[in-house]
1. Below 25 Å, Cα to Cα, which lysines can LYS30 reach? Residues fewer than 8 away in the same chain don't count.
2. Note the full-extension length gain between ILE58 and THR25 as 0.36 nm times their separation in residues minus their Cα-Cα distance, in nm to one decimal.
3. Which chymotrypsin sites (Phe, Trp or Tyr not before Pro) does segment 1-43 hold that lie in a coil by DSSP with at most 16 other beta carbons within 10 Å?
4. How large is ³J(HN,Hα), in whole Hz, for each residue of segment 24-36 in order, when computed from phi with the Karplus curve 6.51 cos²θ - 1.76 cosθ + 1.60 and θ = phi - 60°, using x for Gly and Pro?
5. Calculate one ³J(HN,Hα) per residue across segment 74-91 by plugging θ = phi - 60° into the Karplus curve 6.51 cos²θ - 1.76 cosθ + 1.60, and present them in order as whole Hz with x for glycine and proline.
6. For all pairs of alpha-carbon atoms in segment 2-65, what percent lies in each bin of width 5 Å, listed from the first bin to the last filled one?
7. So the label point goes 7 Å from the Cα of ILE119 along Cα→C-beta, right? Which residues of segment 1-40 then have their backbone N under 18 Å from it?
8. Would you tally the net charge around ASP56, using a Cβ to Cβ cut-off of less than 14 Å, leaving ASP56 out, and scoring K and R as +1, D and E as -1?
Amino acid sequence: MGNNGWYISPVTINLSANDLNPTITLSGVKANSTVYTTTSGSFYTPYTGDITISSDGIQTYYYKSEDNAGNMESEKNTGAIKIDKTSPTGSITQASIDNSGATSVMTVKVTTSDVLSGIDISGFILNFLNGSTPVTPTLTSPFSVTGDIHNGVGLLYIISVH
C-alpha cells in the first residue's frame with residue numbers, strides 16, 4: 001500500500017458468506033449465491049472467485065448473498081478502493097538568471113503533478129558536477145541557486161511521492 005490509503009499495485013478482493021447464529025442452527029449459505037456489482041443496486045454478477053482490480057481509479061464493490069431459506073442479505077460494500085500505479089511527473093524550467101554580481105543566481109521552477117492521488121511530498125536536489133557544493137534539498141519551488149553556475153554542469157533531481 002502507498003500513502004494516504006492509495007494502493008500502488010493491483011488489489012484482490014475475496015468475498016465470503018456465512019449464516020451463523022450461536023444459539024440456533026440456521027439453513028446455511030446457498031451455494032453460488034454471492035453476487036457483486038460496481039454500481040449499487042444494479043445488475044449483479046455471480047461471484048466465482050477472487051476479483052483482481054488493476055486499473056487506476058477509485059472503485060467500490062457492492063455484494064450480497066442468499067441463504068438456503070431464501071433470505072437475501074442487505075447489500076454491503078467494500079468501501080472505496082483507491083489505486084494509483086502511475087508515478088508522479090515533474091518538469092524543470094529556468095525562471096530567471098542574474099549574472100550581475102560576483103556569483104550568479106539562477107531561479108529554478110520545478111513542477112510536479114499526480115492527476116489521480118496528488119503529490120504527497122516533493123523534494124529537489126541540485127548537484128553541480130564541477131565540484132561546487134550541492135544545494136540542500138528543498139520542498140519549495142521556485143528556489144534559487146547561488147554559485148559558479150555558468151562554469152559547470154549541474155544535475156537537478158526531482159523526488160516526488162504520491
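Coordinate-derived values only; no laboratory data. These numbers come from a predicted model, not from an experiment. Don't worry about glycine lacking a Cβ; one is built from the backbone with ideal geometry, like all the others, and counts go over all protein chains shown.
1. The reachable lysines, counting only those whose Cα sits under 25 Å from LYS30, are LYS64, LYS76.
2. Stretched fully, the ILE58-THR25 segment lengthens by 7.9 nm.
3. Here the sparse-neighbourhood loop sites are PHE43.
4. 9, 8, 9, 6, x, 7, 5, 4, 6, 9, 6, 10, 8
5. 5, 4, 10, 9, 7, x, 5, 10, 10, 10, 9, 8, 8, 5, x, 10, x, 9
6. Over segment 2-65, the share of Cα pairs per 5 Å bin runs 4, 14, 21, 19, 16, 12, 8, 5, 2 percent.
7. Hits in segment 1-40 for ILE119 at 18 Å: 3-4.
8. Net charge around ASP56: 0.
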